[in-house]
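Where a number appears in this text, it was derived from the coordinates with a stated rule and is not lab data. Because the structure is predicted, anything quoted here is derived from the model rather than measured. Note: ideal-geometry Cβ built from the backbone for every residue, glycine included; neighbour counts use all protein chains shown.
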Amino acid sequence: MDNKVDNALIESLVQEQFPDAIRGIEEHYGMLDIITRRENSVEILQWLKEHSLLQFNFLTSLCGMHFPDNAGEELSVVYHLHSFSNNVRIRVHIFFPINDPVVRSITHIWPAANWMERETFDFFGIKFTGHPDLRTILNMDNLGYHPLLKQYPLEDGTRTDKEDKYFGR
Amino acid sequence: MAENKNIEKISGNNKVIINGQLQTDADLSQYNYLNLGPTHPATHGIFQNVLKMDGEVIIEAQPTIGYIHRAFEKLAEHRPFYQVTPITDRMNYCSSPINNIGWYLTVEKLIGVEMPKRVDYMRVVIMELARIADHIVCNSVIAVDTGALTGFLYVFQWREKIYEIYEEICGARLTTNIGRIGGFERDFTPAVIDRINDLVKHLPKALKEFEKMVMRNRIFMDRTIKVGGISAERALAYGFTGPNLRAAGVDYDVRVMTPYCSYEDFAFDIPVGTQGDTYDRFCVREEEMWQSLRIIEQAMKNMPDGNYFADVPEFYLPPKEDVYNTMEGLIWHFKIVMVK
C-alpha cells in the first residue's frame, strides 16, 4: 500500500473531517487516542469504520471509566478500534457528567457492542440509548447499584472478621 | 394447529379465522418456552438459556451468562503491579501462563523496559505450551460432548505433562503466576529442559492417535460439520478473535501481525478455516497445536544465552543473598514489598 496508514495520517484525516468535534488527540505508547464529545462519538465511530482507507472494522473493546475528581466529566466511555487491513489500533474517548449518564448505543455499527454496553451499564450505570436490550449481564437484576463506580469499596465495610492489620493494610 | 371446528382456513391464502375473527401472526403463535439449564458448559458459573421454540426449532434465546464477575478491575485498583498477576491466572485457567505473560508485557511496556532475548524465548515456550494445554481441553472435550470419551483420555495425560513442566518452572500447576515482571525468578533448570524436549518428542504420537480417532470419524463429523457456522463478516462484527475468528476464514493472527515477545523469530503457519463451523474450529485448534510444537522446537533449539531477567530493580525482586548482604538489594526489596 503506498498510502501507509499511521497515526499522523489518521490524526490529520480525523481533524479534517471533524474540525469541531475533536477535543483533543493524544498519543500514548504508540496508540492514538481521540477525545471527543458524546454528541459526535457515534458519527466519528461510524466514519472511522466506513472510511475507505482507514477501515476500522473491528471493535476490540468498549468499557466505562469513573474519575470521581473530574468534576462535570466523571464518567467516560472508551472504544478500542482495530483496523485489520492496516493493522492499526486506536482509542476513542468520551467524557460526560455522572448525573446525566446517557450515551448513544453503537450496536447498529458493531453488534459486538451489545454485550459490552450491557456490561458498561451494569457496572457503571451508563445508559445506552438505542440499545435493543439494555439489561444487566453479569450482576443479578435487582442488585440496585453499579459496583465499579469508585464510591463502592472493595470489601463490605460492615464486616468485622477482616482486620486490616492481618492483611498488611 | 389441532382440529377445531371454530377455525376456518381460507385455502390458498394464509389467512386464518377463528370464531369469525381474522387472526394476526401474533395471535397464531404457538411458541413454547423452554428453560435450558442452568448448566455448566465450560468455566465455573452457570449458563441459562430461555428458549423460544417453534416445535423443535429455536426461534430466540435469552441467555444468562452466569453471575461470574469476580471484580478483577476493582481488585486491581487496590494492588501493586506484581499482586495483579495471580488475578490474571483466573481469567482463563486453562492457559494461565498466557494471561500472566500478557500482563507482564503490558506492565513492561508501561514502565518502558526491554527484555533480554532469552526471556522472550522462554516466554514463547511457556505460552505455546499453554496454548497446547488449552487446545487439548477444547478439542478433547468437544469429542466428549459429541460422544467419544476415549480420545479425551489419550490427550489429557499430555496436559498433565505440561502441568508438570509448569510445576518445575514455577511450583504451581493450574493458576501458575509464572515468571515475574521483568523476567523469570529462575532460569529453566535441566529438568525443565528435559521435560519440554520429552513433550516435543512424544506428544505428536498422542496427537496423531487422537486425530485418527476423531477427525475423520463419521459420527463426529456428522455432529460438528455445519453446526454453529459463522461467516467471516459476522465473526468480525461480533468481535471474534483467535482460533474462532480464523476458523471463520479471517487470516488474522496477532503473533504475526503485531509480533510481541520475539514471535517474529519463528517460522509457523496460520491455519484458517472456510466454513466457520464447529468442525473448522476443531481443525484450526488441532493444527495450531502442531504449529505450537514447531515453535517450541525452534525456541528450544535457538534459545539465546543471556540473563533470564531484565535490569528493573524497581519491580524485579533482588536475589535473596543481595537482600541480606547489600544495602542496595535491601532497599529495593523493601521498596517492592513494603511500600505501596
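Stick to Cα atoms and the Kirkwood definition of Rh, then tell me Rg/Rh for chain B.
On the way: Rg = 26.2 Å, Rh = 23.5 Å.
Using only Cα positions, Rg/Rh for chain B is 1.11.
Could you run the Karplus curve 6.51 cos²θ - 1.76 cosθ + 1.60 with θ = phi - 60° over the stretch A:124-137 and give me ³J(HN,Hα) per residue in whole Hz, x for Gly and Pro?
Along the stretch A:124-137, the couplings run 10, x, 7, 9, 9, 6, x, 6, x, 7, 7, 10, 5, 10 Hz.
In whole Hz and in residue order, list the ³J(HN,Hα) couplings for the stretch A:69-76 that follow from phi through the Karplus curve 6.51 cos²θ - 1.76 cosθ + 1.60, θ = phi - 60°; x for Gly and Pro.
Ordered by residue, 3J(HN,Hα) equals 8, 8, 4, x, 9, 5, 9, 9 Hz.
Can you give the net charge of the other residues whose Cβ lies under 10 Å from the Cβ of residue A:67, counting K and R as +1 and D and E as -1?
Charge balance in the 10 Å sphere: -2.
With a Cα-only, solvent-free Debye model of the stretch B:145-191, what are the log10 I(q)/I(0) values at q = 0.23, 0.25, 0.28 Å⁻¹?
-0.82, -0.90, -1.01
Working from the alpha-carbon coordinates of chain A, get Rg over Rh, Rh being the Kirkwood radius. The partial results should precede the final answer.
Details: Rg = 18.5 Å, Rh = 17.6 Å.
Value, to two decimals: 1.05.
Tell me, what does the Kirkwood hydrodynamic radius of the protein assembly as shown come to in angstroms if you use every pair of distinct C-alpha atoms? Mind showing how you got there, number by number?
On the way: mean 1/r = 0.0378 Å⁻¹.
Its Kirkwood hydrodynamic radius stands at 26.4 Å.
Which entries of A:162/B:109; B:109/B:301; A:162/B:335 show an alpha-carbon separation above 32 angstrom in the structure shown? Let's see the in-between values first.
Details: A:162/B:109 36 Å; B:109/B:301 27 Å; A:162/B:335 25 Å.
Beyond 32 Å between Cα atoms: A:162/B:109.
Percent antiparallel among DSSP beta bridges with both residues in chain A, to the nearest 5? Write down the numbers at each step before the final one.
On the way: 23 of 31 bridges.
In chain A, approximately 75 percent of DSSP beta bridges are antiparallel ones.
Estimate the FRET efficiency between residue A:28 and residue B:264 by the formula 1/(1 + (r/R0)^6), using the beta-carbon distance for r and 22 Å for R0, to the nearest 0.05.
Numbers: r = 24 Å, r/R0 = 1.08.
Using R0 = 22 Å, I get an efficiency of 0.40.
From the alpha carbon gyration tensor of the stretch B:105-165, can you work out the equivalent ellipsoid semi-axes (sqrt of 5 times each eigenvalue) and give them in Å, largest to smallest?
Values: eigenvalues 229, 31, 8 Å².
Listed largest to smallest, the semi-axes of the stretch B:105-165 are 34, 13, 6 Å.
I'd like to know how the stretch B:196-340 sits against the 2.2 N^0.38 Å rule of thumb: what's its Cα Rg over that expected value? Before the final figure, lay out each step's value.
Details: Rg = 22.4 Å, N = 145, 2.2 N^0.38 = 14.6 Å.
Compared with the compact-globule rule of thumb, the stretch B:196-340 sits at 1.54.
Of the GluC sites (Glu not before Pro) in the stretch A:60-136, which ones lie in a loop per DSSP and count no more than 14 other C-beta atoms within 10 Å?
Values: sites: A:73, A:74, A:117, A:119; in loops: A:73, A:74.
The qualifying sites are A:73.
Under the rule of at least 5 residues apart or a separate chain, name every residue whose amide H is placed under 5 Å from the amide H of residue A:60.
A:80, A:81, A:82
Kirkwood hydrodynamic radius, the stretch A:62-126, all distinct C-alpha pairs: what's the number in Å?
Numbers: mean 1/r = 0.0796 Å⁻¹.
Result for the stretch A:62-126, one decimal place: 12.6 Å.
Under 15 Å from the Cα of residue B:205, which aspartates and glutamates turn up, not counting those fewer than eight places away in the same chain?
Correct list for residue B:205: B:286, B:287.
Which ³J(HN,Hα) values, rounded to whole Hz and listed in residue order, are derived for the stretch B:142-159 from phi using the Karplus coefficients 6.51, -1.76 and 1.60 in 6.51 cos²θ - 1.76 cosθ + 1.60 with θ = phi - 60°, glycine and proline given as x?
After applying 6.51 cos²θ - 1.76 cosθ + 1.60, I find 5, 5, 4, 5, 9, x, 10, 7, 4, x, 4, 5, 4, 8, 5, 5, 7, 5 Hz.
Which of the lysines could a cross-linker span from residue A:127 if the Cα-Cα distance has to be under 24 Å and same-chain partners fewer than 8 positions apart are dropped?
Cross-link targets: A:49, A:150, B:74.
By per-residue mean of other Cβ atoms within 10 Å, what is the highest-first order of B:223-236, B:244-257? Before the final figure, lay out the partial values.
Numbers: B:223-236: 16.2, B:244-257: 19.6.
Ranking, from highest mean packing down: B:244-257, B:223-236.
Between residue B:194 and residue B:22, how high is the FRET efficiency from 1/(1 + (r/R0)^6) when r is the Cβ-Cβ distance and R₀ = 60 Å? Nearest 0.05. Intermediate results must be reported in sequence, preceding the final value.
Numbers: r = 80 Å, r/R0 = 1.33.
About 0.15, to the nearest 0.05.
Which distance in nm do the two modelled labels at residue B:92 and residue B:114 give, with both placed 7 Å along the Cα-to-Cβ direction?
If labels sit at residue B:92 and residue B:114, their model points lie 3.1 nm apart.
Counting other beta carbons within 10 Å of each Cβ, put A:48, A:13, B:129, B:174 in order, fewest first.
Numbers: A:48 23, A:13 16, B:129 28, B:174 12.
Lowest to highest Cβ neighbour count: B:174, A:13, A:48, B:129.
Taking the Cα centre of the stretch A:1-144 as origin, work out the dipole magnitude from +1 charges on Lys and Arg Cβ and -1 charges on Asp and Glu Cβ, in debye rounded to 20. Write out the running numbers ahead of the final one.
Details: 11 positive and 20 negative charges, 65 e Å.
In debye, rounded to 20, the stretch A:1-144 gives about 320.
Over the whole of B:58-65, what's the average partner chain Cβ count within 10 Å per residue? Rounded to a whole number, please. Please report the intermediate quantities before stating the final value.
Working: counts 0, 0, 0, 0, 2, 2, 6, 4.
That average works out to 2.
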